[in-house]
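Enquirer: Let me give you the structure first, and then I'll get to my questions.
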Amino acid sequence: MKLLFIRPSRPRGMLGALMAAGALVIGALPARAQFGGSCGCPVIVSDPQMYGRQGEQLAQEARIADLAAQNTTTGDAGLWQSQLGFLSSLAGAMSEAGGLCYASPNAAQQFKADFPGAAAPPVNAAQQMRQLAAITLGTLGGALAAAQQQAAHFRYEDQQLAALESRNASVGGRLQAAQVTNEILLAQAQQLQLIRQLLITLINAEAVERGARLSTDAQGVAQASQFLNAGGVGQ
């Protein structure tokens, strides 16, 4: 390091040197920054914009925390309810009407007994025909009653869908949105159950109606064959 010495021979030169040194000190104070050199001194930097950036970063982190809280908030599950009772009541309508119901544990065995097909008519053929007619009409009437109950159920279904739409419009995060979507999928699955019930009811009604028709025709043919084989002659 080079040192500058001012000769004290002249007072004016000494005063000028002091003023120059004071100016250097005053000019150096506002910098407030020290950079390390070969001596290993610490570096101190004062940046006024640093506090603004830190404030923006904290605000961003707060927004991220709020979004994370919203995305993990529950509250839109549990709208779905089982409709097994309603499906059972639809099946019960056919039994209450005196028809042959698919939900009966022995429906297949009862069908075979009521509609034997190509068999000789019994002695009480007239009474049997009345019973077959009653079973057939009861089954068809029960199928109509089940369809009516499903049609009356539309209002409840509309209310359920309106509740799902309201939840969908007011979701506050990803988890709630996923739960609403699951509830909508469950509602669609219930609609498929009702469609399957109608198809089963239709198959049930058609099976009974066709079974009664075929059994009646087959018994008529068998009775005519017996009459001709016995040599009977119509009067």
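The values are calculated or read from the model by the stated rules, or taken from the named source; none is laboratory data. No experiment lies behind these values; they were computed from the predicted model shown. Cβ atoms come from the backbone with ideal geometry, glycine included; neighbour counts cover every protein chain shown.
Enquirer: Mind counting the residues in the stretch 117-135 that are crowded, with 17+ Cβ neighbours inside 10 Å and at pLDDT below 90?
Expert: Filtering the stretch 117-135 down to residues crowded, with 17+ Cβ neighbours inside 10 Å leaves 121, 128, 132, 135.
Right, trim to at pLDDT below 90 and you get 121, 128, 132.
Of the residues in the stretch 117-135, 3 are crowded, with 17+ Cβ neighbours inside 10 Å and at pLDDT below 90.
Enquirer: Look through ALA162, ALA187, ALA152 and report the one residue that is surrounded by 14 or more Cβ atoms within 10 Å (Cβ to Cβ), at pLDDT 90 or above, closer than 25 Å to LEU198 by Cβ and not aromatic (Phe, Trp, Tyr).
Expert: Just one listed residue meets the conditions, ALA187.
Enquirer: Now for a separate question. Scan GLY172, GLY141 and give me the residue that is outside any helix (DSSP H, G or I), small (Gly, Ala, Ser), more than 16 Å from the chain's Cα centre (by Cα) and surrounded by fewer than 18 Cβ atoms within 10 Å (Cβ to Cβ).
Expert: GLY172
Enquirer: Name the pairs whose Cβ atoms lie under 6 Å apart, with the first residue in the stretch 157-175 and touching a residue at least 24 places away in the same chain (Cβ under 8 Å) and under 30 Å from PHE86 (Cα atoms), the second surrounded by 12 or more Cβ atoms within 10 Å (Cβ to Cβ) and among the charged types (D, E, K, R), and 6 or more positions between them or separate chains?
Expert: So the pair list comes out as LEU164/GLU183; ARG167/ASP76.
Enquirer: Shifting gears a bit: Mind checking whether some residue in the stretch 116-132 is within 14 Å of ARG210 (Cα to Cα) and assigned to a helix (DSSP H, G or I)?
Expert: Yes, the conditions are met somewhere in the stretch 116-132.
Enquirer: Please specify each residue of the stretch 152-163 satisfying the condition of being among the hydrophobic types (A, V, I, L, M, F, W, C) and under 23 Å from the mean Cα position of the chain (by Cα).
Expert: Listed by number, the residues that qualify are PHE154, LEU161, ALA162, ALA163.
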